[in-house]
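Worksheet: one structure, shown below.
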Amino acid sequence: MSAQVPDLMRVGAIQTEMAQDVQTIITDPVVFDQNTCRITLQNIGFLHSLSRISFQVESASATTNAIGGANANMTFPVGVGIHSLIDRASLMIGGKTICEIEDFNHFMGYKSMFIDNQINKEREAVLSGRILNHNFVYNNDYNASSYGIDNGTFPYETITNASEMFVPTSSTSASATLITDGVVPRDNLLVRNEPELQVALADLFPFLRFNQLPLYMMAEQVSINLVFAPKGDNRRVCRQGVSGAVQSFNIKQGSVKLIADYLTFDGDIMAQYASANAEMNFNYVDYRLTKRTYNGSGAVAQTQQIINVGGAGRIVNKLFTAMANDNQGQDNLLNVYSSQDPGINASGNNQILTTNVRYNDEYLYPIDRTNPAILFHDIVQTESLVPHISRDEFNSEGGGTAGGGLSVQKYNGHQPNLFLRGKFFYQAHRLNKNERINSRGIELETLYSELPDLGGALNYTQRTWIELLRTATLKNGIFDCYYA
């Protein structure tokens, strides 16, 4: 009988003619404060994986948020957008955690690299606030010596005796203040305009990337739990590099809604599908995070670090890692959601990262990885996708100490050659044996010949996610999951 029933779970076209009804239901959270949020789903039909959760951030007070004020041009980080609000996301069914990602905003800093520049410019700039799109910066009609951020607006230039961009100091004042040059954010991304941006469920939970939940077949409650980035640590938004008061922004409670599409078919088809699939199995991936903090004062000649990132007794497909500069903050294009490269020394020479992965008593690579081109190749091989970043953004190899090909033309008051250069130095490794990890776990070895000196008590934080294979079953309305 099952061979005659279409696979309604598959993402894509259904190999038969049938009427499909899409019901969009907007659901408010059952629990909400500035730290956590919980949303429950209705057990009807199939949940569409690209359903979204919407967010808005409250604008600042009239004083600090006035046009021309210190917070007038605050936006979300250009690399992760509205995802910067979420620190942890978990999908729970009947009290069991099916999928969970810690430090989700940092996680999306890596995943967002694989989104095409034009998609960022034309779609994500409206949906999620990600606008990391590159374009040439022309010196004249035919000569471009650098590239920078392009969001479709015409750049202003600060040139003597030429037009400059002035913004009124208030809505009623005739006076004006020069606040920036270069490319300015679009109005729909300015925090003071309270834009409504969205996060896709398939981004929050990779389980949903290839599966649509048959909610009508479940006898248990399905809920989404979110933990927000603390509003007091300046990790939610980015502000223009001008002096002024720092403002902590609240998430608007009334704006947080699940906009879910529930797919239903003819009643007989739904009943036949449930009968033919009384027991269903799902294979999917989940992620586990390990992180370690290093003091960034006088960060030269770093000693070799061997970090056990877990995975003992599990099947692990891959791992990826980032070295975040905790000194970065809201006075930055990316905020803290980046990965620092080894940097350039005083002589103008690029420093080196030496790395390898050891598991099941063997090294993944017979020779340690040191060549940045090979490290970039490892990312491509791991994800089967090419990161949409430049060589200069990866590890500062655009040439010289001034910024290589990255432009000095600003975006929202920040120069890309200062705030994007060497900030996407992620590493990724695919474990190619498809075997279970022994009791020792996976060891990641890294040796930075040098890291930029942060000074004082400031730190670097190294985050490593491993991708674990998991299996879930749905039987008689009860959902259960376990490690493969």
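Summary of values
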{"read-out": "Close pairs from region 411-434: first under 17 Å from residue 445 (Cβ atoms), partner assigned to a loop (DSSP other than H, G, I, E, B), Cβ under 7 Å, at least 6 apart", "value": "425/340; 425/341; 429/364; 431/364"}
{"read-out": "Selection count, region 99-152, where residues are touching a helix residue (DSSP H, G or I) at 6+ places or on another chain (Cβ under 8 Å) and among the basic types (Lys, Arg)", "value": "2"}
{"read-out": "Candidates 480, 392 - the one that is surrounded by fewer than 18 Cβ atoms within 10 Å (Cβ to Cβ) and not aromatic (Phe, Trp, Tyr)", "value": "480"}
{"read-out": "Which numbered condition residue 191 misses (of (1) closer than 23 Å to residue 335 by Cα; (2) modelled with pLDDT of 90 or more; (3) buried (at least 21 other Cβ atoms within 10 Å of the Cβ))", "value": "(2)"}
{"read-out": "Residue match in region 442-451 (condition: in contact with an Asp or Glu (Cβ under 9 Å, 6 or more places away or on another chain), over 21 Å from residue 353 (Cβ atoms) and touching a residue at least 12 places away in the same chain (Cβ under 8 Å))", "value": "no"}
{"read-out": "Residue ID - surrounded by the most Cβ atoms within 10 Å (Cβ to Cβ), chosen from residues in region 138-161 that are in a loop (DSSP other than H, G, I, E, B) and modelled with pLDDT under 70", "value": "158"}
{"read-out": "Scope region 74-96; condition assigned to a loop (DSSP other than H, G, I, E, B) and in contact with a helix residue (DSSP H, G or I) (Cβ under 8 Å, 6 or more places away or on another chain); matching residues", "value": "74, 76, 77, 79, 80"}
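The values are calculated or read from the model by the stated rules, or taken from the named source; none is laboratory data. Fair warning: this is a prediction, and the values are worked out from it, not measured in the lab. Methodologically, a virtual Cβ is constructed for each residue, glycine included, from the backbone with ideal geometry; neighbour enumeration extends over all protein chains shown.
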